[in-house]
Each structure stands twice: as C-alpha cells, then as structure tokens.
Amino acid sequence: MNTTENALLKVKDLEVVYRARRETVRAVNGISFSLNRGETLGLVGETGAGKTTTAYSMMRVLPDRTARIIKGSIEFEGKNLLEVPENTMRHAIRGEKIALIFQDPMSALNPIMKVGEQIAEALKFHNKGELTAEQIEAQVDHTLELVGIQKERKFDFPHQLSGGMKQRVVIAIALVCEPVLIIADEPTTALDVTIQAQVLAMIDELREKLGTAMILITHDLGIVAQMCDNVAIMYAGEIIEMGSVEDIYSGKNQHPYTTGLFGSLPDLDKKTDRLHPIDGLMPDPTELPPGCKFHPRCPRVMDICKRVQPDFTFDGTHKVACHLYGGAGKEERS
Ligand SMILES: Nc1ncnc2c1ncn2[C@@H]1O[C@H](COP(=O)(O)OP(=O)(O)OP(=O)(O)O)[C@@H](O)[C@H]1O
Ligand SMILES: [Mg+2]
C-alpha cells in the first residue's frame, strides 16, 4: 500500500498454481502488496479468490506435491522468503517471526496434549532451552490470562474447551513468541457471533500492545472496517482494488466487484434478512477468461474489458484495476 523503503513485508508479482490431475489451477495471478510494521491489512474476496494460497505462500506451507510458486518474491525484513532454506524457515521465521492463525482451531491443536503443554512447547522451541521450567510455567499462565482463560484450564485437553476458548489457545500459541507478523486466515469463522466479536477485539488489543503487523483474511467487510488500516480486494487470484479503509469504504471510483461485495452486505436499515450475492460465479481457475477476470459478471462491462486486462489506476493511496477509470493494459485473446 505504501512506498516506504523499509516495509516489513513486500510481496511482488506472486504467482501460484496447483497442478491437479492434468489441469493447472491458477490460484494466485501476479499479486503485489506491502505492509509496514504494526499495520493491519485486510485481504478480502469471495471463496476461491486465492486468499489462503497467498497466506500459505508467505509461510511456505503450500502442499509440496501439487502447489508451485512460479513467479515473484516475498520480501520479509529485507530477505526473500522464497530463497530462505527450509531449516531457517522452521527455526527462525515460522512461528517465531510470522505466525499463522488458521480458520479451524482443531487443525492447529494436538487433541491428545494438554493445552498448557502446547503453549509451553511453542515457548521451549523458540527459546532453545534458555528458560527454566518455572519461567516457562509462569509464562504459560501469563499467556492464558492475556487471552482471557483462567490459568487452571492449562490442564485441560482441547476437547474440554469451548470453540471460542480453543481459538483463544491457538491465538495464545501464535502470540507467545511475539511474532512481528500475524497472518489470521478467517480466525473467527468457526465461532458464533458474540464470541467472534470478543476474540477479534482480543486479537486487536494484543496486536496493538505488542506492535504486531497483521494480515487479516476475511469475507466480512464489517470486520475489515473495524480492524484494518488498509484493504486489498482479491478476485480470481488478482488484487483488483487496494487502498486505505477510507479509500475503499468511501465508494469513490470503486471497482464494480467491490461494489458488488458491499451490495452483499445485509442492510441494517432495510430489514432484509438475506444477502444479495453477486450474480454468477467466480471463473474456473483452470480456464480464466481473457481481459478483466470479472467481465463475465460485471454489470458495467464494456467491449475493451473482454480483451484487455486493465492495469492499476492510482489516486493517492487508492488503486483500482478497471477500465471505467482508465487503466490501459495488455491485449489478451482466448
Ligand atoms: N491443494 C489444492 N489443489 C488444487 N487446487 C487447490 C488446492 N488448494 C486450493 N486450490 C484452488 O485454488 C483456488 C484458490 O483457493 P484458496 O483456498 O486460496 O481460496 P480462498 O480465497 O482462501 O477461499 P475461501 O474463502 O473459500 O477460503 C481455488 O480455486 C481452489 O479450488
Ligand atoms: Mg481460504
């Protein structure tokens, strides 16, 4: 979003494919963005947009058999993570510097280990034996308190905790090593609405206290407005609009896809209880259309959109890839 030279994270032209059977799934198609220390970026888009693939690329946890990063770089603290040896990723980056919070807490917890021990494991791994048993114990208690769980619950196994408590433990494990970047992939989707709000407020508070940067992946534009500094809207593996929360929510020069997403929000004044999803479906990622990927669904489609992929048009911190606002691009035919 910014052009600061010392951004914490700079993703450039990232392209990721999955080879499934004989097909190539084009999941991420040349995205670029950057993030400063302490900032929060919301990554928003419908199901299948490539959000999780982007997150997994940054952590280098894509499935090795099928996924390939075919282009681009992910510069973190000045180093290209795509060139860092796996050993360094494991010991110095993953968990230590960058923590990932998954959507489903159970996939991140060990069902047969007490939750306190799981937090202790993360601490031991990252402190390489420098802490005494008492120090670890104290830190586990403190961390549980930070995420709003009584320290006595450290003797519980995950199945003895509620969904919200489990996700709090996952967050405790993510935060215990004081990472500089948290990637939260729909961290509260599995929780009910009231618990969702509590967990999000807690993440935000801890993040602020520790000065952690965050990439928050979500379908929920309300959550983005509340928690993020900047927003990137993803469609079919591309970022089609990006800017500060104010840029995106002002509605000025908005991408028709973003307008569609906003139209999908329930309108609190109109008492409708149904969402209005955008007509049509995201294109098949094995056969992406030429031109703008959104053109088959776009209510404002023009002839040029079917042939030419739009470049970004800039207006201060706001950028949008749409022919309505200029955005010349390269000719493409299927
Ligand atoms: N292991 C895989 N093998 C083949 N294709 C995959 C694999 N994982 C994801 N994909 C495909 O890559 C595209 C992007 O998926 P991704 O999980 O990144 O989307 P997402 O934006 O996170 O969606 P959601 O909001 O549903 O979580 C989709 O078309 C998906 O079907
Ligand atoms: Mg996902």
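Read-outs: derived from the displayed coordinates by stated rules, not from any lab. It should be emphasised that the depicted structure is a prediction, and the values quoted were computed from it without experimental measurement. For neighbour counting, all protein chains shown are included, and Cβ atoms are generated from backbone atoms with ideal geometry for every residue, glycine included.
Legend: calculated FRET efficiency, F314 to T88, from the Cβ-Cβ distance at R0 = 35 Å, rounded to 0.05, equals 0.45. Secondary structure note: in the chain, about 65% of the DSSP beta bridges are antiparallel. Measuring nothing but how far apart in sequence close Cα pairs (under 8 Å, 6+ apart) lie, relative to its length, the chain scores a relative contact order of 20 percent. Between E137 and E246, what FRET efficiency comes out of the Förster formula 1/(1 + (r/R0)^6) with R0 = 45 Å and r the beta carbon distance, rounded to 0.05? Once the sixth-power term is evaluated, E becomes 0.50. Cβ crowding within 10 Å ranks I31, I149 as I149, I31, fewest other Cβ atoms first.
The spread of Cα positions in the stretch 142-261, taken along each principal axis and listed from longest to shortest, comes to 53, 27, 24 Å. Once every Cα of the stretch 46-199 carries one equal point scatterer and solvent is ignored, give the base-10 log of I(q)/I(0) from the Debye formula at q = 0.15 Å⁻¹, two decimals. These q points yield log10 I(q)/I(0) values of -0.85. Placing dummy labels 7 Å off each Cα toward the beta-carbon, the span from E205 to D104 is 3.0 nm. Spatially, the stretch 20-77 and the stretch 83-148 are offset by 24 Å when compared through their Cα centroids. Could you work out the relative contact order of the stretch 162-272, using alpha carbon pairs under 8 angstrom and six or more residues apart, expressed as a whole percent? Value for the stretch 162-272: 19 percent.
The tail of the calculated P(r) for the chain beyond 24 Å holds 57 percent of all Cα-Cα pairs. The fraction of all Cα pairs in the stretch 166-207 landing in successive 10 Å bins from 0 to the largest distance is 28, 61, 11, given as whole percents. For the chain, the mean residue ellipticity at 222 nm estimated from helices alone is -8000 deg cm²/dmol, where every DSSP H run of n ≥ 4 contributes -39500 (n - 2.57) and the total is divided by all residues, rounded to the nearest 500.
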